[in-house]
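Working notes, structure below.
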Amino acid sequence: MKGGAWLKWRMACAWVAAVAVLNLARPAAAAPDVYEPDDTNATAVAFEVGTTQTHSFHSADDEDWVKLFFVGGDDYEIETTHLDSNLNTAVRIWHEKPTGELEEIWFEDLCGTNEGELTWICAATDPVGVYYLQVLMSPEFTNEFAEGQYELRITGPTIGGGFLVVAGMDMVGGVGAPPGAVAVVDGPAGVCTQEFNGAMTVDFGSLTATCHQVSVPAVPGYWPVEDPVLTGQVANADSELYGNPRNKMLVDDAWRCTAFMFYPMVRVQGVVRDDRTAGLIEGAALLFEAKSGTVSGTVYTAYQNTAWGAKWATDADGSFPDDQGGEGVLLPTAVYDLTLSNLSGGLFTITNAIPDMPEAGTTTNLGTIQLTPVDGNTNNIADSWEEQYFGAGTNVVGTEDADNDGIDNWGEYVCGTDPTNGGSALSFDEAGPALGTNEVTLAWGTVPGRSYQIGRATILTGEWDLVAGPWEATNGQTGMQWTDSVPASETNYFYRIEVVVP
C-alpha cells in the first residue's frame, strides 16, 4: 500500500476521518482478542472516544463491531493501525435508529483498491446518536494469511483543558433531551449542573484531568434506555453507554463525549377473557406494534425489547403482567396495534388498541378484552379445553355428560369445572332454613372470573325470577354464599345457581 487510505465522513456538520497504516515488522497472530465475541452489532463492545483497542482477526470470517455515540459539530478521526504485515481492513459505519434498525452510512475499503482521499458529506439533518463501526477484512485482499492484530483508535478534537460534551436524548421525540432534564458532573451537589433547555447537548469545559461522575437524572415519565443484552447496566457506573450515573475519565487537552438516552413511557393495563365463558385467560401472549413516531414499526413483546426482559403474558387473573415494579406493561409513547395469542396458537388483533399518542408517565387501561378461543372442530368448545381433559384431537360432544354428574360437557366448559370428575360440578352445598327463622343460606363453589346469579321459583315448572347477583368470583376465591328471607306464607321455594355467559 502506498502511504495510506483516508476516509472523511461528515455527520451533522461533523467530520469523521479514517486512516489505515501497515506495520510490516510483526508476524501474524491468530488468537481471539479480549473483545470476542463481537461479530455482530448485538455483541458490540462499547468504545470510548479518545482511547485505543487492540483487536484481531483470528479466522477467515471474523469481524469486529464497536458501539459509540457521535455528537455533531466536532471532528472525529477513525484509525486502524495494522500490527501484522499480512492484514488489510475495511470499515462500515452504521447508525442505530430508535427502532433498533441499523442503516449503513458509509463503507470504505481502507487498504484495497481505493487509495487516496475520499469524502462523503451527509445532510446537516443527519441524526446524532448511537453508531456502530464494523471492521472487517478487506474484500480486495486475497492473501490467504489474512489473520493478525490491529489497533482501532477513535479520537475527537484537541481542546485546551479537559472538555466534556454531555448528550441527553428523547428517543421518541428525537429533537432534544427530555423536558426539564439536567446534566450533573460529580453529583449530587455537583461541581457543575447545566439544564438542557430542549437542546440535545451541553458542554463542560476546563474540567480537571481525573475521573468524574456524570449523570442525567431521569425526569418523571422517562425511563433510561437499557442494555439490550445485559441486565442492571443503568446501575453500573462503569457502563460506558448505559450507566447513570457513570464514570468518565478526562485527560488534559482531550475531548470526551457521553450520552444518556431515555424513552418516554406509558403503562398499559387490561384484562383478557374468553368471549364464550367470560373466564379469565392466563398465559395469553401480548404483542404491541408501534404505528407512529420514531419507533413506528417496532414490535414489543417484553420491556424495551431487551434479551433479559420477561416476555409479556397475562397473569392468572387475566390481567396484563406487572412490569418493572408497577401494574401493567411499559411501552414507549406511540399509537399501537395489539395482537394477543392464546395457548392454542390463535391470534386476535386490535387495530389502534391505543389510538392516540399517550402522555409520558400516564396509564392507559384497555379494559376487558374478549379473546375468541381456537375452535377448529366448531363444536362451540375451545380446543385447548378439550385437549386438557380429553386429549389432543378430541371432538367433544357438548350435550353428553362424560362424568355423569348431571351437567353436560358444554355446561362444564362454561362453568370451568372438570368434565371427567363427578365431584367437580356447579352445585349448592347442603342448605336449609336456619332453625327458628325464615332465612335460608345458599353456598356454592366458584371459579375465578365466572359470574354467578340466583334464580328462584315457587314451582319447578314455573318461571324463574332473578333474585340476586350477578357476582364475579375474584382470583383466589373458592366459594360464595347468599341468604334469602322466605315469607311465612310460602310453603315451597326452589333455587338455582347460574353462570352468566357473555
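The values are calculated or read from the model by the stated rules, or taken from the named source; none is laboratory data. Computed from a prediction, not measured in an experiment: that's the story for all the values here. No Cβ is skipped: glycine too gets one built from the backbone with ideal geometry, and neighbour counts run over all protein chains shown.
List of remarks:
- Matching residues, the range 270-288, being out of contact with any Asp or Glu (no Cβ under 6 Å at 6 or more places or on another chain), of a type outside the set (Phe, Trp, Tyr) and assigned to a strand (DSSP E or B): Gly270, Val271, Val272, Arg273, Asp274, Ala285, Leu286, Leu287
- The residues of the range 481-502 that are assigned to a strand (DSSP E or B), among the acidic types (Asp, Glu) and more than 49 Å from the chain's Cα centre (by Cα) amount to a single one, Asp484.
- For the range 31-51, a residue qualifies if it is surrounded by 16 or more Cβ atoms within 10 Å (Cβ to Cβ) and part of a loop (DSSP other than H, G, I, E, B), and the qualifying residues are Asp33, Tyr35, Asp38, Asp39, Ala44, Phe47, Glu48, Val49, Gly50.
- Residues in the range 204-235 that are surrounded by fewer than 14 Cβ atoms within 10 Å (Cβ to Cβ) and more than 31 Å from the chain's Cα centre (by Cα): Gly205, Ser206, Thr208, Ala209, Thr210, Cys211.
- Scanning the range 251-277 for residues that are buried (at least 21 other Cβ atoms within 10 Å of the Cβ), over 27 Å from the mean Cα position of the chain (by Cα) and farther than 28 Å from Gln233 by Cβ yields one hit, Thr277.
- One residue stands out in the range 305-341 among those that are of a type in the set (Ser, Thr, Tyr) and in a loop (DSSP other than H, G, I, E, B): the one that is surrounded by the most Cβ atoms within 10 Å (Cβ to Cβ), namely Thr333.
- The number of residues in the range 334-351 being more than 30 Å from Ala392 (Cβ to Cβ) and touching a Phe, Trp or Tyr at 6+ places or on another chain (Cβ under 8 Å) comes to 2.
- Inter-residue pairs, beta-carbon under 6 Å, first closer than 17 Å to Ala290 by Cα and surrounded by 15 or more Cβ atoms within 10 Å (Cβ to Cβ) and in the range 351-373, second modelled with pLDDT under 95 and not aliphatic (A, V, I, L, M), 6+ apart: Thr364/Pro358
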